[in-house]
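What follows is one structure encoded as structure tokens, with my remarks underneath.
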Amino acid sequence: MSRRFLPLGAPIGGRPNGELRSIVVITATGTYTKPISLKRALVTVVGGGGGGAGAAADEANGGGGGGGTAIELLEASAISATETATVGTGGAGGAAGANAGVVGLTSSFGALLSASPGGGGAATGGGGPGGIGSSADLNIRGEAGGVLGVTSVVIGERGGSSHLGGGGNGGATVAGGAGGAYGGGGGGGSGNGSVARAGGAGAAGVVIVLEYF
């Protein structure tokens, strides 16, 4: 977890009842401790991305889905002194061969809001579904992973992006690319000749807390 304090001489949206003064980025499950003088917080939660499917020789498969996103403006009184910030890991890519990708894991901020993960790419060419936010002011669905189309070239499909972007690349005769931005789905693998290739891993989610004092 990292907390970045903004310069006192440069408030953002400065108001007597609350200025944005710090940004907390939580990239692994841990405990968020509420500052004593906090007035409110804007919390963003992103679920883990799904893994892309692996592919057998001369086949290709679909990408993993992007994690969902939940965004909620919380008054300090609604936040406990400590809250468990759960960061969902990304799903593993399917092993080389016709193997489905693994679903990611859910992210949450205490019991206040959560975001479900992206689904794994299917070993039959289908893309994993995107996750979605829950119990928030704004609940956003992640992009579904790419679905294998009928072409003359065997091409693995890209992973779905989360609200923050970053789906992994697919491509011809390559392993699927890993999800890039928080919650991005992994790309689907593409085999050739006698070579099977793996799908890309989904990216882990994140919890971001903008603190107003």
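When the stretch 137-158 is filtered for residues that are in a loop (DSSP other than H, G, I, E, B), open to solvent by less than 60 Å² (accessible area, probe 1.4 Å) and modelled with pLDDT of 95 or more, the ones remaining, listed by number, are G142, A144.
Here the stretch 36-47 is the region considered, the condition is being part of a loop (DSSP other than H, G, I, E, B) and open to solvent by 30 Å² or more (accessible area, probe 1.4 Å), and the residue that is nearest to S190 (Cα to Cα) is K39.
Listed by first and then second residue, the pairs linking a residue in the stretch 161-173 that is closer than 13 Å to G121 by Cβ to a residue that is open to solvent by 20 Å² or more (accessible area, probe 1.4 Å) and part of a strand (DSSP E or B), with Cβ atoms under 9 Å apart and 6 or more places separating them unless they lie on different chains, are G170/I155. Applying a threshold of 9 Å to beta carbon distances and a minimum spacing of six or more residues, or different chains, the list of pairs starting in the stretch 108-129 at a residue that is under 17 Å from E59 (Cα atoms) and ending at one that is aromatic (F, W, Y) and open to solvent by 10 Å² or more (accessible area, probe 1.4 Å) is empty. The set of residues in the stretch 48-76 that are aliphatic (A, V, I, L, M), within 30 Å of S194 (Cβ to Cβ) and open to solvent by 30 Å² or more (accessible area, probe 1.4 Å) contains only A57. For L105, indicate whether it is touching a residue at least 12 places away in the same chain (Cβ under 8 Å), part of a strand (DSSP E or B), of a type in the set (A, V, I, L, M) and open to solvent by 50 Å² or more (accessible area, probe 1.4 Å). Taking the combined requirement at face value, the residue does not satisfy it.
Considered as a group, the residues in the stretch 110-133 that are over 18 Å from G184 (Cα atoms) and out of contact with any Asp or Glu (no Cβ under 6 Å at 6 or more places or on another chain) include one that is most open to solvent (accessible area, probe 1.4 Å), and that residue is T124. Considering the stretch 48-84 alone, what residues qualify as being closer than 23 Å to T29 by Cα and assigned to a loop (DSSP other than H, G, I, E, B)? Matches in the stretch 48-84: G48, G49, G50, G51, G64, G65, G66, G67, G68, I79, S80, A81. Screening A96, A100 for residues that are closer than 30 Å to A175 by Cβ, touching a strand residue (DSSP E or B) at 6+ places or on another chain (Cβ under 6 Å) and assigned to a loop (DSSP other than H, G, I, E, B) leaves exactly one candidate, A96.
The values are calculated or read from the model by the stated rules, or taken from the named source; none is laboratory data. Note that the structure is a prediction, hence the values are computed from the model and not measured. Don't worry about glycine lacking a Cβ; one is built from the backbone with ideal geometry, like all the others, and counts go over all protein chains shown. The accessibility values were calculated without ligands, DNA or RNA, using every heavy atom of the protein model including side chains. Shrake-Rupley method; radii C 1.70, N 1.55, O 1.52, S 1.80 Å.
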